Amino acid sequence: MERNTPTIPAETARHVLAVFNRGGYPPGRFGLQLLQLIAGADQDNLARLAEAFPTEVEAVRMAQYDEDGIARLQAIANGQAAA
């Protein structure tokens with residue numbers, strides 16, 4: 001089964017990078033709390049969050065689990081790549 005990966009906007013990449021202290025700029029209060037919630041969610045709740053916030057969940061997943069996730073998010077944030 002293929003996974004449908006959403007396209008991550010540059011702004012989302014910047015917000016996720018800020019939450020992980022890797023550059024970017026911080027989101028507003030709701031965005032910060034949402035990204036922190038996603039980062040700490042178990043698999044069941046993460047699936048529920050992905051239904052409503054697919055790009056945010058994918059960006060956090062990249063930052064947490066992909067070997068080159070931070071570098072990819074930095075490239076997206078700087079307009080050098082699309083995800």
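Can you find, within segment 49-83, the residue that is nearest to the chain's Cα centre (by Cα) among those that are under 14 Å from V16 (Cβ atoms) and polar (S, T, N, Q)?
By that ranking, first place goes to T55.
When the residues of segment 61-83 are filtered to those that are in a loop (DSSP other than H, G, I, E, B) and small (G, A, S), which remaining residue is surrounded by the most Cβ atoms within 10 Å (Cβ to Cβ)? Walk me through how you get there before you give the answer.
If we filter segment 61-83 for residues that are in a loop (DSSP other than H, G, I, E, B), which is where we start, we get 66-68, 78-83.
Pick out the ones that are also small (G, A, S) and you get 79, 81-83.
On the way: G79: 9, A81: 15, A82: 10, A83: 19.
The extreme case among them is A83.
So I76 fits all but one of (1) under 18 Å from T7 (Cβ atoms); (2) free of Cβ contacts under 8 Å to residues at least 60 places away in the same chain; (3) of a type outside the set (K, R); what number is the exception?
(2)
Out of (1) surrounded by 13 or more Cβ atoms within 10 Å (Cβ to Cβ); (2) over 24 Å from N4 (Cβ atoms); (3) not polar (S, T, N, Q), what's the single condition that is false for R29?
Every listed condition holds for R29 apart from (1).
Might you let me know whether segment 38-55 holds any residue that is surrounded by fewer than 11 Cβ atoms within 10 Å (Cβ to Cβ), polar (S, T, N, Q) and outside any loop (DSSP other than H, G, I, E, B)?
Initially, segment 38-55 is screened for residues surrounded by fewer than 11 Cβ atoms within 10 Å (Cβ to Cβ), giving 40, 42-44, 51-52.
Among the residues that remain, those that are also polar (S, T, N, Q) are: 43.
Still in the list and also outside any loop (DSSP other than H, G, I, E, B): 43.
Yes, the conditions are met somewhere in segment 38-55.
No value in this document is a laboratory result; all are computed from the given coordinates. The structure presented is a predicted model; accordingly, all values stated were derived computationally and were not measured. Every residue, glycine among them, receives a Cβ derived from its backbone with ideal geometry; neighbour counts consider all protein chains shown.
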